[in-house]
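Undergrad: This structure is in structure tokens; I'll ask about it shortly.
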Amino acid sequence: MNAILLCIKCTSFVEKLIEQGCDLVIKEAKSGYAASYQLDKKTIMNWVFRKSGVFARIYGDNAGKYEDIIASLPAEMQKEMTTSRDCKRLIDPTACRDTCVKGFVYTLNGDTHKKCRNGGMFFLLTNETAEQIVRLVCAEVTVRKSTS
């Protein structure tokens with residue numbers, strides 16, 4: 001039953017992103033397929049398929065502009081964000097590859113966090129996280145659309 005509810009939530013999520021002008025791009029990857037949502041050919045999020053489940057990798061380039069949503073996330077999701085790997089390049093511009101896009105910066109509970117864009121918002125998809133993932137992705141889409 002939980003899988004059915006999760007599938008229904010994901011379907012409405014796909015519809016929301018497509019309504020906002022995002023494209024769904026599915027490509028073959030090393031370990032299967034990768035599904036991405038793009039806005040103006042720039043990836044906003046990927047679904048990552050692992051043995052342990054399906055994960056959402058959100059590229060929160062503008063996370064500092066929706067800190068209210070980050071502050072309202074469940075404590076476990078906030079913990080995943082704050083304990084994720086820091087962005088080397090935001091700390092030292094020479095510390096990472098030249099092709100690195102840089103991570104994102106946000107403030108939570110008075111602390112500033114500089115996180116890697118590949119792991120800073122990486123969440124297991126569950127019934128509890130599905131709606132929060134939707135909120136984060138839609139917030140990122142809204143900010144990107146307003147700045148383009």
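Undergrad: Name the residues in region 19-57 that are modelled with pLDDT of 85 or more and outside any strand (DSSP E or B), would you?
TA: Listed by number, the residues that qualify are 19, 20, 21, 22, 40, 41, 52.
Undergrad: Could you grab me the full set of residues in region 43-53 that are open to solvent by 30 Å² or more (accessible area, probe 1.4 Å) and over 13 Å from the mean Cα position of the chain (by Cα)?
TA: Across region 43-53, the qualifying residues are 49, 50, 51, 52.
The values are calculated or read from the model by the stated rules, or taken from the named source; none is laboratory data. These numbers come from a predicted model, not from an experiment. Remember, those area values only see protein heavy atoms, side chains included, never the ligands or the DNA or RNA. Shrake-Rupley method; radii C 1.70, N 1.55, O 1.52, S 1.80 Å.
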